[in-house]
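See structure below.
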Amino acid sequence: MSLTLSIAERLTRAKGDLRMGVPVVLSGAGGAVLIAAVEALDADRLADLRTFGAPVLAITARRATTLKARAYDGDLARIVPPADAGLAWLRAVADPADDLRVPMKGPLTSARDGAADLHRAALALAKAAHLLPAALVVPVGPALEVAAQHGLTLLALDEIAPALAALPPLAEVVAARVPLVASEAGRVHIFRPEDGGEEHYAIEIGKPDRSQPVLARLHSACFTGDVLGSLKCDCGPQLRAALAQMGEEGAGVLLYLNQEGRGIGLANKMRAYSLQDQGFDTVEANHRLGFEDDERDFRIGADILRKLGFSSVRLLTNNPRKLAMMESCGLQVVERVPLRVGLTDQNRAYLATKAAKSGHLL
């Protein structure tokens, strides 16, 4: 039936459920589980979950390293909470905000028997929902029966694994002329992903020749830098410098991708900022939160450029990962155009970390 939800629609519903503290049912070859994002969980729901069985707390290997917990499953650890562990204990393990004040969370016991596929999917869903990557996982009986009885979203592992790895199809919604400071010949294109996620924008300067390499920049949204003028990063100056250079040359495309905080979302980015105030650098802060150095997906930018009719670019960037991703997606990078602007006393260490740990060419 046409009213039956697609896997993309059910995934989007599941992410919304997790953000509201509503559990989701996951089924796989090894059985079925209820999952809940620790960040959004409340005490009543925790008590309800425990009626189904003993919970396990899934955290990423990055977070496990901080907590000195064993990650027997490689990329994640399945922590066995004490029988009397309440919401405060779970959140202390999930959130590093108080790590320095209360450094000893354990000793923590990690499960090592059985498959971790459902736990891995739970963490991927929490990340996709821009929540802390920590999920409570509770085994349940027949998945369909549990989901139907409690009105919960049901997902099958063999369906969501490829869907989470794939790039959601993008479609252009609308384009309109927008005179800009950098160039009066500005045009903004809005692209919307099929899965209902954040929209992304392409700002076209002038009328770039589709048969020639276009001067382009993949710019990830930075509310603090682009809008507030934060001195902690170089994002705002890079945005304005890229547009100015395109205006001077008379043509270019700036892709404004809604991947705030290197893909972890604004709330988690502020958590990382708080950790930086405690003395950790930007990469260490991400790791303590349970994220990788960079969670962005630059395939989005390549897809938009192709949809706009471009096949080769002169890429305004200091990030080699962007070059590699463009090439892997079939876009020829004929030139890397450096973009070295925005150095301040407040971001000097941040830029040094990007160069030393993330390979940025500064």
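Of the residues Gly186, Gly196, Gly225, which single one is out of contact with any helix residue (DSSP H, G or I) (no Cβ under 7 Å at 6 or more places or on another chain) and surrounded by 14 or more Cβ atoms within 10 Å (Cβ to Cβ)?
Values: Gly196 fails: out of contact with any helix residue (DSSP H, G or I) (no Cβ under 7 Å at 6 or more places or on another chain); Gly225 fails: out of contact with any helix residue (DSSP H, G or I) (no Cβ under 7 Å at 6 or more places or on another chain).
Residue meeting the stated conditions: Gly186.
Any residue at all in the stretch 77-89 that is touching a residue at least 40 places away in the same chain (Cβ under 8 Å) and under 26 Å from Glu284 (Cα atoms)? Before you say what the answer is, go through the steps one by one.
The initial filter retains those residues of the stretch 77-89 that are touching a residue at least 40 places away in the same chain (Cβ under 8 Å), namely 78, 86-87.
Among the residues that remain, those that are also under 26 Å from Glu284 (Cα atoms) are: 78, 87.
The answer is yes; a qualifying residue exists.
If you go through the stretch 39-56 one residue at a time, do you hit one that is part of a strand (DSSP E or B), in contact with a Leu (Cβ under 8 Å, 6 or more places away or on another chain) and either over 22 Å from Glu198 (Cβ atoms) or open to solvent by 10 Å² or more (accessible area, probe 1.4 Å) (or both)?
Yes, the stretch 39-56 contains a residue that is part of a strand (DSSP E or B), in contact with a Leu (Cβ under 8 Å, 6 or more places away or on another chain) and either over 22 Å from Glu198 (Cβ atoms) or open to solvent by 10 Å² or more (accessible area, probe 1.4 Å) (or both).
For residues in the stretch 90-111 being without any contact (Cβ under 8 Å) to a residue 60 or more places away in the chain and charged (D, E, K, R), which is nearest to Ala64 (Cα to Cα)?
Among those that are without any contact (Cβ under 8 Å) to a residue 60 or more places away in the chain and charged (D, E, K, R), it is Lys105.
For the stretch 3-27, which positions are over 23 Å from Val140 (Cα atoms) and not in a loop (DSSP other than H, G, I, E, B)?
Start the filter on the stretch 3-27 by keeping residues that are over 23 Å from Val140 (Cα atoms), which leaves 3-6, 8-9.
Answer for the stretch 3-27, where residues must be over 23 Å from Val140 (Cα atoms) and not in a loop (DSSP other than H, G, I, E, B): Ala8, Glu9.
Restricting to the stretch 199-210, give me the number of residues that are touching a Lys or Arg at 6+ places or on another chain (Cβ under 8 Å) and open to solvent by 30 Å² or more (accessible area, probe 1.4 Å).
1
Quick one: would you say Ala267 is surrounded by fewer than 19 Cβ atoms within 10 Å (Cβ to Cβ) and farther than 22 Å from Leu351 by Cα?
Numbers: surrounded by fewer than 19 Cβ atoms within 10 Å (Cβ to Cβ): yes; farther than 22 Å from Leu351 by Cα: no.
Taking the combined requirement at face value, the residue does not satisfy it.
Does any residue in the stretch 176-192 that is among the aromatic types (Phe, Trp, Tyr) come within less than 7 Å, Cβ to Cβ, of a residue that is assigned to a loop (DSSP other than H, G, I, E, B) six or more places away or on a different chain, and which pairs are these?
Phe191/Glu199
What is the number of the single condition among (1) of a type in the set (A, V, I, L, M); (2) open to solvent by 10 Å² or more (accessible area, probe 1.4 Å); (3) under 30 Å from Glu39 (Cβ atoms); (4) more than 14 Å from the chain's Cα centre (by Cα) that Ala244 does not meet?
(3)
If you check Ala251, Ala302, Ala272, which single one turns out to be modelled with pLDDT of 95 or more, hydrophobic (A, V, I, L, M, F, W, C), crowded, with 17+ Cβ neighbours inside 10 Å and in contact with a Pro (Cβ under 6 Å, 6 or more places away or on another chain)?
Values: Ala302 fails: in contact with a Pro (Cβ under 6 Å, 6 or more places away or on another chain); Ala272 fails: in contact with a Pro (Cβ under 6 Å, 6 or more places away or on another chain).
Going through Ala251, Ala302, Ala272 in turn, the sole match is Ala251.
Among the candidates Arg314, Arg340, single out the residue that is modelled with pLDDT of 95 or more, surrounded by fewer than 20 Cβ atoms within 10 Å (Cβ to Cβ) and farther than 25 Å from Gly197 by Cβ. Working first, answer last.
On the way: Arg340 fails: modelled with pLDDT of 95 or more.
Criteria check complete, one pass: Arg314.
Name the residues in the stretch 57-73 that are among the polar types (S, T, N, Q) and open to solvent by 80 Å² or more (accessible area, probe 1.4 Å), would you? Write out each step before concluding.
Residues of the stretch 57-73 that are among the polar types (S, T, N, Q), as a first pass: 60, 65-66.
Residue satisfying the conditions is Thr65 alone.
The values are calculated or read from the model by the stated rules, or taken from the named source; none is laboratory data. Just so we're clear, the structure is a prediction, and the values are computed from it rather than from any experiment. We place every Cβ from the backbone using ideal geometry, glycine too, and count neighbours over all the protein chains shown. Please note that ligands, DNA and RNA were not included when accessible areas were found on the heavy atoms of the full protein model with its side chains. Shrake-Rupley method; radii C 1.70, N 1.55, O 1.52, S 1.80 Å.
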